[in-house]
Amino acid sequence: MLRSLVGSEMCIRDRAVLGDCLKHAVDTGEFKRSDFYIATKVGRYVGGNDFSTARVEASIQESLDRLQTDHIDLMQCHDMEFAACLDQVVHEALPTLHQAKEAGKIRGVGVT
């Protein structure tokens, strides 16, 4: 049964603190990982937007590391209307998210 939707915004410190809390809750047996639905985003960063393959791959791994989990339930491509070129979103970001899903790093792909 889903108990909590956990949204992770772009603040690195907050994401790390959230990861510590989730890990503690699971490690102590209070909750199972399946009790949480973790959603976060790629695309918008401090200083601008970047939908390149390299940046999306790095963002996925950074989120996994900071949130201390083996998968993200929903990874969203965020603010793509601000991309310098929508071709980059279509030909780099979305295929990279699909590959991460195939690899088991993320469970679902969304757009915000």
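The values are calculated or read from the model by the stated rules, or taken from the named source; none is laboratory data. What you see is a predicted model; the values in this text were computed from it and never measured. Note: ideal-geometry Cβ built from the backbone for every residue, glycine included; neighbour counts use all protein chains shown. The accessibility values were calculated without ligands, DNA or RNA, using every heavy atom of the protein model including side chains. Shrake-Rupley method; radii C 1.70, N 1.55, O 1.52, S 1.80 Å.
Taking segment 38-79 as the range and being crowded, with 21+ Cβ neighbours inside 10 Å and of a type in the set (A, V, I, L, M, F, W, C) as the test, the residues that pass are I38, V42, F51, V56, I60, L67, I72, M75, C77. Tallying residues that are touching a strand residue (DSSP E or B) at 6+ places or on another chain (Cβ under 6 Å) and open to solvent by less than 90 Å² (accessible area, probe 1.4 Å) within segment 80-108 yields 6. Each residue in segment 14-32 was checked for being exposed (fewer than 15 other Cβ atoms within 10 Å of the Cβ) and over 11 Å from Q68 (Cα atoms), and 6 pass.
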